[in-house]
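Taking it in order: structure first as structure tokens, then the write-up.
Where a number appears in this text, it was derived from the coordinates with a stated rule and is not lab data. Remember, it's a predicted structure, so these values are computed and weren't measured experimentally. Reconstructed Cβ throughout: ideal geometry from the backbone, glycine too, with neighbour counts over all protein chains shown.
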Amino acid sequence: MFVDRFATMTSVLRLHLTGHSHLVFALMTPAHSTTRVLVTGATGYVGGRLAPLLVEEGFAVRVLVRSAAKVANAPWISQVEAVEGDAISDASLDKALAGVDVAFYLLHSISTGAKFDDLESAMARTFAEAASRMGVKRIVYLGGIANDENLSKHLESRRSVGKMLAGTGVPVIELRAGVIIGSGSASFEMLRYLTEHLPAMVTPKWVDNPTQPIAIVNILHFLVAAARAPQDVQGVFDVGGNETITYRNMMARYALAAGLRRRIILRVPLLSPRVSSMWVGFVTPVPASIARPLIDSLINKVVVDPAKSVLHALPPPPGGLLSFDEAVKRAIERTNAPTRWTDASRPWAAWDVAVTDPAWTGGSLFVDEREQTTRASKAEVWKVLSSLGGSTGWYGFEWLWRLRGRIDSVFGGVGMRTGRRDQHVLRVGDALDFWRIADVKEGETLLLCAEMRLPGQAWLEFRLSTKDDGTHVVQRAIFRPRGLAGRLYWWVLIPFHAIIFPGMLRNALAQAEKS
């Protein structure tokens, strides 16, 4: 047994962190290549990231989704088998689980209403029975750390789901995690938005409860390792990061990592979880139906039991567990997922937000988008856009552009500089008034990055495409705010944007038509 287990473990995997901080798994043997896995919850936070990583590992991946349309735009969809159905239907489960070796159970129903726990238990029972019936060799379940005596309804339901899954004889590896740090995680998004939106806040006493957060890249590592573990490995294992901190401390350290001023947090004993969830729903885009059970869980101490540590059964990440600060840094810098999942030339793109994530994940991003079709050719339009700034100006309301430059100079910024190096040639890295040319595709796209002093980051983008007998132009002003000041800045400028941006596009295309 020892020899078999050692051989299996040594042929399992090596985990490398690339320069882009995304996961690349390399196998020492191809023994897993015929392993078929089913990923449920592929439209969720963890499932949407796990499925493509399993594909990269060479597993034969099947996903169970209620609607294939929800994953139709996922860049990895052509590499997996998608089965439509739900976890409560025997027919769809039998189809999804047929021939499966390892089934990942990543489902929850916390947003379905007050009786979500009954639904979760019913789904888990039906799934476990189907897995047993179809000969599944292992279920890997991601739940929540539940070591307190008086558990919240959410954590109690997570624990009950684990018991249901293990009740039919199919071996189960249950990984229990606390707060997952990564852009897209509901718990992390609450932390992000509360900290960024509120310089000062009044919080319930749970703000000082201990928790053991863990980075999403580490969760993905243990999930993949669970799929490869020897068959005799089963049971309940706690998964946490390398330090225990309070929610108050997490908010303070997030503010530091995001370049925000120190947050003032006052604790009071009067706010109930219901009032807290309503407040979170009002202040952040996280739906109250999701915030409520998550906030309820904050009353519990969510800390790894050393006796149940996952490290007793599964190998740690080769680079070790990420610290909380490093996990937050990666989430803010959006480097938790492979850059090939998106267009890396778009620096505001949420590299660690999957296409299956809800719209409210990934942090705030304000966009002013204008589009217009002109009879001028792409070459004529590109010639006009190539001469923006400098002596040409910005095609309207020049005094407002100069005023913005003057204000920037007063506050120590670059102002309008001296224009641009070449009035008709675009080179990546060149200065263009108070912009910097960030990306150019000749005749197709132009991306400018703002260098004026701002409470956030700003870009100006133009995209050209041929349409009928003319050219379709999309112009976007994109702003990622930093803290409350960034949001106020954007809101104050909305009236000016309504004047400047439509006029700029209209006048530029009129000039192209004259050409």
Between the modelled labels at S409 and Q423 (7 Å from Cα along Cα→Cβ) the distance in nm is 2.0
Residues other than L266 with Cβ under 14 Å of its Cβ, Lys/Arg counted +1 and Asp/Glu -1, net out at +4
P(r) of the stretch 82-184 over all Cα-Cα pairs, 10 Å bins starting at 0, rounded to whole percent, reads 16, 46, 31, 7
Quick calc: nm separation of the 7 Å Cα→Cβ label points for D232 and H197 -> 5.2
So for R0 = 35 Å, FRET eff. of K95-K115 from the Cβ-Cβ r, to 0.05, ends up at 0.80
So, over other residues within a Cβ distance under 11 Å of R176, counting Lys, Arg +1 and Asp, Glu -1, the net charge is 0
Protection proxy (average C-beta count within 10 Å per residue), highest first, orders 182-192, 462-472 as 182-192, 462-472
On the formula 1/(1 + (r/R0)^6), with r taken between the Cβ atoms of H497 and S391 and R0 of 30 Å, the FRET efficiency rounded to 0.05 is 0.80
The rounded separation in angstrom of the Cα centers of the stretch 237-256 and the stretch 364-386 is 45
With 0.36 nm assigned to each residue of separation and the Cα-Cα distance removed, K163 to K467 gains 103.7 nm
Descending packing, highest mean Cβ count within 10 Å first, for 226-235, 85-94 is 226-235, 85-94
extent check for the stretch 366-514: Cα max minus min per principal axis, descending, whole Å, gives 45, 30, 25
Per the 1/(1 + (r/R0)^6) rule, R0 = 51 Å and r from the Cβ atoms of E129 and N507, FRET efficiency to 0.05 is 0.15
Residue by residue through the stretch 453-470, the couplings from Karplus 6.51 cos²θ - 1.76 cosθ + 1.60 with θ = phi - 60°, in Hz, x for Gly and Pro, are 6, 9, x, x, 10, 9, 9, 10, 10, 10, 10, 10, 8, 7, 9, 6, 9, x
